[in-house]
Amino acid sequence: MDAATVLEEVRGIADRFAADRHERQRREGLVSEEFDELAAAGFLLTGVPRADGGLFESVAGSTRVVGSILNALARGDASVALVASMHPAVLSFWHASPEAPEQYRDAWSEQRAYVSAMAAEGSWFGTITSEPGSGGDVARTAAAAEADRDGGWRISGKKHFGSGSGVTSFMLTSARPADEEDPDWFLLDVRDVPWDGSRGMTLLAPWEGHGMTATQSHGMSFEGFPATRFAWPGSWRQIVDAAGPFVATTFTAVILGVVEAAMATARGVLADRADSLRPYEQVEWVNAEQDAWLMRQAYEGMLRAVEAQPEPLPAVLLGKTAAARLAEDCLRRLTRIMGGGTFARHSPFGFWFEDVRALGYLRPPWGLAYDALIDATLRGPDA
């Protein structure tokens, strides 16, 4: 299945989701059958290399394609799109770094082939990396990893923001191996694992979010939970830096899709009463149009950086942070124009406002995002 076909199929699903928006925005959980439908549409191929029949060629060659698919899906359902975006994002940790040093080359290649096969066969991948008190910084991971007698690992610690919990088959996480200074990446097989602690995984805090309400981004506690360490040990930062431009740009595609859906809906509502808008409302509408336009330009700039620059990460971080700020500004303006009824549950705008606010705090949180921008713009090699 090629990218154009997958995009067309996902657009059809998103259109149907959008037609049922009134009910969907009130959901507090995911529907597994809808992820089966997305899998049948070919979405899981976004995390499979082209050589294996998938859509992922490289960061430079695949970011625009995957971003277009996620942008289309986000126009139909923000929560589903956010959870779905984790699938190619996690798998890019392997595919953005196809070659490991010689001592790890065979094991890394075998592991890449395994996760690709799992995705191609119908498994969803997600992440449960963030920890309470870490500020989203993997370097501050407190979860512990202990080697077991069988050559595997056991993870213990508290994690939150596990988007897609209950839908995903595998989840990426971080932990600090015993007797090692740095954390590393691990893969958890969570298929059919109960959340009652009987197998080392306990539901600690249901999501119950104000925004992205149906993402099932639960908090979990792990105690001696079996895990597979990345087959290229000690390279956690190198791996995330290689995948970072792809992950940040496709994540921005989701935020942009939410904003563009909100703007299209607002145009339909306001077109019939354009002449009766007060001067303040007219100004705020034009400002909202500018915010949405600038957000699209930021996204396109991120894509161009990924496709053409040898070191795109600084430009991508600038674009993602700007897009998160513009999205919140845009939706705030729309809620003011629409008035107090925005926050009644029959209006979609209050839901979208909380969705983009939630997205602005995720991957990475604001503080960590600005730390990264300071490093890239004032402390980096080109500063």
Scan the range 46-65 and give yes if some residue there is within 28 Å of residue 160 (Cβ to Cβ), open to solvent by 20 Å² or more (accessible area, probe 1.4 Å) and within 14 Å of the chain's Cα centre (by Cα), otherwise no.
-> no
Is the range 29-38 home to any residue that is hydroxyl-bearing (Ser, Thr, Tyr) and crowded, with 22+ Cβ neighbours inside 10 Å?
-> no
Determine whether residue 150 is acidic (Asp, Glu), closer than 21 Å to residue 216 by Cα and surrounded by fewer than 20 Cβ atoms within 10 Å (Cβ to Cβ).
-> no
Please specify each residue of the range 47-68 satisfying the condition of being touching a Phe, Trp or Tyr at 6+ places or on another chain (Cβ under 7 Å) and not charged (D, E, K, R).
-> 47, 48, 49, 59, 62, 63
Could you tell me whether residue 139 is part of a helix (DSSP H, G or I), more than 21 Å from the chain's Cα centre (by Cα) and either farther than 14 Å from residue 224 by Cα or modelled with pLDDT of 90 or more (or both)?
-> no
Residue 103 vs (1) out of contact with any strand residue (DSSP E or B) (no Cβ under 9 Å at 6 or more places or on another chain); (2) in contact (Cβ under 8 Å) with a residue 24 or more places away in the chain; (3) over 26 Å from residue 261 (Cα atoms); (4) of a type in the set (S, T, N, Q): all pass except (2)
Which ones in the range 175-185 are farther than 14 Å from residue 130 by Cα and in a loop (DSSP other than H, G, I, E, B)?
-> 178, 179, 180, 181, 182
Would you mind stating whether residue 276 is among the small types (Gly, Ala, Ser), open to solvent by less than 20 Å² (accessible area, probe 1.4 Å) and without any contact (Cβ under 8 Å) to a residue 60 or more places away in the chain?
-> no
Could you tell me which of the residues 254, 269 is open to solvent by 10 Å² or more (accessible area, probe 1.4 Å), out of contact with any His (no Cβ under 7 Å at 6 or more places or on another chain) and β-branched (Val, Ile, Thr)?
-> 269
So how many residues does the range 330-347 have that are part of a helix (DSSP H, G or I) and open to solvent by 30 Å² or more (accessible area, probe 1.4 Å)?
-> 7
Given 188, 204, 172, which one is more than 25 Å from residue 118 (Cβ to Cβ), in contact (Cβ under 8 Å) with a residue 12 or more places away in the chain, in a strand (DSSP E or B) and in contact with a Ser or Thr (Cβ under 8 Å, 6 or more places away or on another chain)?
-> 204
For residue 339, work out the one condition from (1) modelled with pLDDT under 95; (2) within 30 Å of residue 59 (Cβ to Cβ); (3) not basic (Lys, Arg) it doesn't fulfil.
-> (2)
Does any residue of the range 320-327 turn out to be surrounded by fewer than 18 Cβ atoms within 10 Å (Cβ to Cβ), outside any loop (DSSP other than H, G, I, E, B) and of a type in the set (Gly, Ala, Ser)?
-> no
Of 213, 228, which residue is part of a strand (DSSP E or B) and either in contact with a helix residue (DSSP H, G or I) (Cβ under 9 Å, 6 or more places away or on another chain) or buried (at least 17 other Cβ atoms within 10 Å of the Cβ) (or both)?
-> 228
Of the criteria (1) surrounded by 14 or more Cβ atoms within 10 Å (Cβ to Cβ); (2) within 30 Å of residue 207 (Cα to Cα), which one residue 312 fails = (2)
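The values are calculated or read from the model by the stated rules, or taken from the named source; none is laboratory data. Owing to the predicted nature of the structure, the values given are computational and were not obtained by experimental measurement. Cβ sites come from the backbone with ideal geometry, for glycine too, and all protein chains shown count toward neighbours. Each accessible area value is taken on the protein alone, full model and side chains, heavy atoms only, with ligands, DNA and RNA left out. Shrake-Rupley method; radii C 1.70, N 1.55, O 1.52, S 1.80 Å.
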